[in-house]
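> Before anything else, here's the structure in question.
The values are calculated or read from the model by the stated rules, or taken from the named source; none is laboratory data. Just so you know, these numbers come straight off a predicted model, no measurement behind them. Positions of Cβ are generated from backbone atoms using ideal geometry, with glycine treated the same way; all protein chains shown enter the neighbour counts.
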């Protein structure tokens with residue numbers, strides 16, 4: 001059996017999945033990843049914990065598949081993007097906890113320099129927002145004693161989580177990233193496909209910190225032999241949403257997918273064209289293969305599955321995500337209850353880092369089911385926000401391919417179709433983020449010869465068609481827009 005292994009390091013969990021050549025899952029191992037919140041709006045991870053969990057998951061997935069290192073053609077890595085790690089090159093020790101993409105500690109800097117946003121967007125396709133890596137890097141350099149001098153001397157390394165894992169997997173031999181992850185730092189010029197000296201100067205980030213940028217399917221060396229009982233080549237890296245775009249076989253301009261994990265991210269393939277958004281969406285690198293860049297428009301929602309996690313862990317209204325579908329079906333509607341999950345601000349198309357979450361419209365009759373259903377509905381309303389912005393920027397999609405843990409919920413996926421008024425397609429493999437990383441590694445290893453060959457492996461599990469009266473959908477969405485206005489700060 002030709003096997004590929006994907007490392008999928010996400011915001012709330014770390015997974016490793018073994019796939020066969022047809023993209024079928026053969027082995028899996030997963031560990032939940034805790035987050036820490038040292039101050040309001042701050043979100044951190046333990047980078048060493050991420051590495052140790054990755055080691056354990058790769059070993060667990062191999063054991064589950066009953067395979068050894070020599071059976072794996074290549075490893076692909078996909079990761080939570082923008083999350084920032086700085087470490088010592090000599091020891092491999094992080095100098096500060098990883099600052100997570102959701103973190104808002106640099107909001108004041110971004111507000112002070114908002115006049116530079118168009119300049120930055122023209123180079124990077126991004127907005128000046130705490131979401132991206134550049135301000136996180138600068139914050140660590142300014143706050144950790146001696147860090148800036150050590151960075152300028154070449155003693156420190158920066159990486160998003162893919163680079164951090166690659167460094168450790170290679171035994172400290174390789175400091176690299178791919179174009180998709182580089183494109184999320186706000187330091188990488190996606191027109192020239194290189195780190196940009198003007199951006200580095202603006203954010204005061206020394207170039208000596210930065211990894212080499214390679215294609216999404218490329219030679220990333222191999223794992224240190226002692227880690228898994230033999231060296232395994234590493235052939236692919238992509239940020240999670242770009243990997244899901246590959247896993248969903250969205251290879252033609254106009255194809256669109258949306259992934260529902262901790263957050264929700266909609267990506268529209270725009271081909272070889274760098275399309276500037278007029279509606280505060282992001283222009284980004286979808287993937288880079290054989291030196292050729294494919295671009296995309298992206299809408300980012302900070303909280304999707306994280307709202308369900310909040311229901312479970314913070315307010316303890318549910319014991320697990322599996323309960324949400326039955327609770328949503330148990331009532332005919334929310335009776336006007338809306339949950340706006342702006343726990344770490346609002347993402348696209350609002351980009352309001354100061355907004356905070358709220359539950360609105362509560363009455364004496366409101367109960368757990370109303371709040372839970374409102375949380376699920378909020379994901380669909382936010383997706384419509386993104387779809388509306390994309391339609392104004394580019395083309396009106398005729399269908400949406402979806403993936404991620406949330407879309408196993410049939411009620412949510414049907415309500416999503418109702419709200420968007422287009423068919424929503426759930427693929428046979430909803431683990432498309434990991435699958436995309438495996439596909440990229442397979443391209444580099446020669447398991448696949450082309451994107452067309454990969455596209456032929458994609459299949460439909462279920463198609464959801466709109467069933468709600470269009471007028472009713474518009475009425476519900478109008479209530480959402482009103483609720484958002486009540487929590488916005490800018």
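> Just checking, which of 398, 429 is over 17 Å from residue 304 (Cβ atoms) and touching a residue at least 40 places away in the same chain (Cβ under 8 Å)? Don't jump to the end; show me each part of the working.
Working: 398 fails: touching a residue at least 40 places away in the same chain (Cβ under 8 Å).
The unique qualifying residue is 429.
> Another question about this same structure. Quick one: how many residues across segment 21-47 are more than 23 Å from residue 313 (Cβ to Cβ), in contact (Cβ under 8 Å) with a residue 40 or more places away in the chain and in contact with a strand residue (DSSP E or B) (Cβ under 8 Å, 6 or more places away or on another chain)?
4
> A follow-up question, please. Please report, ordered by residue number, the helices (runs of 4 or more DSSP H) entirely within segment 383-462 with at least 3 residues that are more than 26 Å from residue 322 (Cβ to Cβ) and touching a strand residue (DSSP E or B) at 6+ places or on another chain (Cβ under 6 Å).
Details: elements: 410-420, 432-445, 451-455.
Per the criteria, 432-445.
> Would you mind stating whether residue 424 is within 16 Å of residue 243 (Cα to Cα), crowded, with 17+ Cβ neighbours inside 10 Å and free of Cβ contacts under 8 Å to residues at least 60 places away in the same chain? Step through it out loud before you land on a result.
Details: within 16 Å of residue 243 (Cα to Cα): no; crowded, with 17+ Cβ neighbours inside 10 Å: yes; free of Cβ contacts under 8 Å to residues at least 60 places away in the same chain: yes.
No, not satisfied.
> Among the residues of segment 463-486 satisfying the criterion of being in contact with a strand residue (DSSP E or B) (Cβ under 7 Å, 6 or more places away or on another chain) and surrounded by 19 or more Cβ atoms within 10 Å (Cβ to Cβ), which is farthest from residue 267 (Cα to Cα)? First the steps, then the outcome.
In the first step, residues of segment 463-486 are kept if they are in contact with a strand residue (DSSP E or B) (Cβ under 7 Å, 6 or more places away or on another chain); the result is 463-464, 479-480, 483-484, 486.
Of the ones still in play, those that are also surrounded by 19 or more Cβ atoms within 10 Å (Cβ to Cβ) are 464, 480, 483-484.
On the way: 464: 19, 480: 23, 483: 25, 484: 23 Å.
The residue in question is 483.
Here's the yes/no breakdown for (1) touching a helix residue (DSSP H, G or I) at 6+ places or on another chain (Cβ under 7 Å); (2) crowded, with 16+ Cβ neighbours inside 10 Å; (3) within 25 Å of residue 233 (Cα to Cα):
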residue	(1), (2), (3)
9	yes, yes, yes
28	yes, yes, yes
31	yes, yes, yes
43	no, yes, no
50	yes, yes, yes
69	yes, yes, yes
105	yes, yes, no
111	no, no, no
114	no, no, no
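> Tell me the helices (runs of 4 or more DSSP H) entirely within segment 136-206 that contain at least 2 residues that are surrounded by fewer than 24 Cβ atoms within 10 Å (Cβ to Cβ).
147-152, 161-169, 197-203
> Could you list, in sequence order, all residues of segment 131-164 that are farther than 16 Å from residue 209 by Cα and touching a strand residue (DSSP E or B) at 6+ places or on another chain (Cβ under 8 Å)?
131
> Taking the options 360, 346, name whichever one is modelled with pLDDT of 90 or more, over 13 Å from residue 308 (Cβ atoms) and surrounded by 15 or more Cβ atoms within 10 Å (Cβ to Cβ).
Numbers: 346 fails: modelled with pLDDT of 90 or more.
When all the criteria are applied, what remains is 360.
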